[in-house]
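The values are calculated or read from the model by the stated rules, or taken from the named source; none is laboratory data. Being a predicted model, the structure only gives us computed values, none of them experimental. Every residue, glycine as well, gets a Cβ built from its backbone with ideal geometry; the counts of neighbours run over all protein chains shown. SASA here: full protein model, heavy atoms, side chains in, ligands and nucleic acids out. Shrake-Rupley method; radii C 1.70, N 1.55, O 1.52, S 1.80 Å.
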Amino acid sequence: AQKITQTQPGMFVQEKEAVTLDCTYDTSDQSYGLFWYKQPSSGEMIFLIYQGSYDEQNATEGRYSLNFQKARKSANLVISASQLGDSAMYFCAMREMDSNYQLIWGAGTKLIIKP
Amino acid sequence: DAGITQSPRHKVTETGTPVTLRCHQTENHRYMYWYRQDPGHGLRLIHYSYGVKDTDKGEVSDGYSVSRSKTEDFLLTLESATSSQTSVYFCAIQIPGLAGVRELFFGEGSRLTVL
């Protein structure tokens, strides 16, 4: 069974608009962490934001925020005021407790920002 | 900043030949990982290491072996390359980030083509 599901293979968004990238996860652990990474066309993987399962507040990092809905098991990434440089693949990943820090990855969402 | 280099960055080889990819880190991080990335699959864990000579299998370990004789080097070997192993290979190290988040920091990737 898929543990991380990203339902949007691709998205087009107008520059300066806000973007929400969906991520749902499946785990029976109470302690886990959720990550978002960005992969531009150049290929490198860039860490964006992290949310712990016990964190009471949604994580924020600059223009990135994570809409964490624990009961729904969703961890959507929100990018405010999108920029052309936000065009990239975005991956959601989960780390479960006692997993030797392994990450389980979604298939990714390709985001294209239109000028 | 964590330093991590992968070599070679690009390689074309023939079916049945052995291939070794090297991952080198400049700091003494304990955990190192090898992933492969294929379209529609996100990142899939091949093998990981939690110390010198301590390694374990990931979800797609068949056809691959690893070795870690020094903290700074983690080698991935394809004993007899097959076309299905054509992929982009990423090495990652686990680094302590802000607020205790143990994020993965990735190398630039190695693109392997097996003809």
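Structure data summary
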| read-out | value |
| --- | --- |
| Odd one out for B:SER87, checked against (1) at pLDDT below 95; (2) closer than 22 Å to A:ILE104 by Cα | (1) |
| Top-ranked residue in segment B:49-74 [being surrounded by fewer than 16 Cβ atoms within 10 Å (Cβ to Cβ) and touching a residue at least 24 places away in the same chain (Cβ under 8 Å); ranked as farthest from B:GLU27 (Cα to Cα)] | B:ASP73 |
| Criterion violated by A:TYR37 - all others in (1) touching a strand residue (DSSP E or B) at 6+ places or on another chain (Cβ under 8 Å); (2) open to solvent by 10 Å² or more (accessible area, probe 1.4 Å); (3) at pLDDT 90 or above satisfied | (2) |
| Matching residues in segment B:17-32 - criterion: being closer than 17 Å to B:GLU103 by Cα, touching a Gly at 6+ places or on another chain (Cβ under 8 Å) and in a strand (DSSP E or B) | B:GLN25 |
| Filtered residues of segment A:1-53 (kept if within 15 Å of A:ILE112 (Cα to Cα), among the hydroxyl-bearing types (Ser, Thr, Tyr) and more than 12 Å from the chain's Cα centre (by Cα)) | A:SER41, A:SER42 |
| Within segment B:20-48, considering residues that are at pLDDT 95 or above and surrounded by fewer than 19 Cβ atoms within 10 Å (Cβ to Cβ), the one farthest from the other protein chains (Cβ to nearest Cβ) | B:THR20 |
| Test: residue in segment B:1-9 that is of a type in the set (Ser, Thr, Tyr), open to solvent by 30 Å² or more (accessible area, probe 1.4 Å), in a strand (DSSP E or B) and in contact (Cβ under 8 Å) with a residue 40 or more places away in the chain | yes |
| Pair list, Cβ < 8 Å and 6+ apart or interchain, from segment A:41-68 residues that are more than 9 Å from chain B (Cβ to nearest Cβ) and closer than 12 Å to A:TYR90 by Cα to residues that are basic (Lys, Arg) and assigned to a strand (DSSP E or B) | A:LEU48/A:LYS38 |
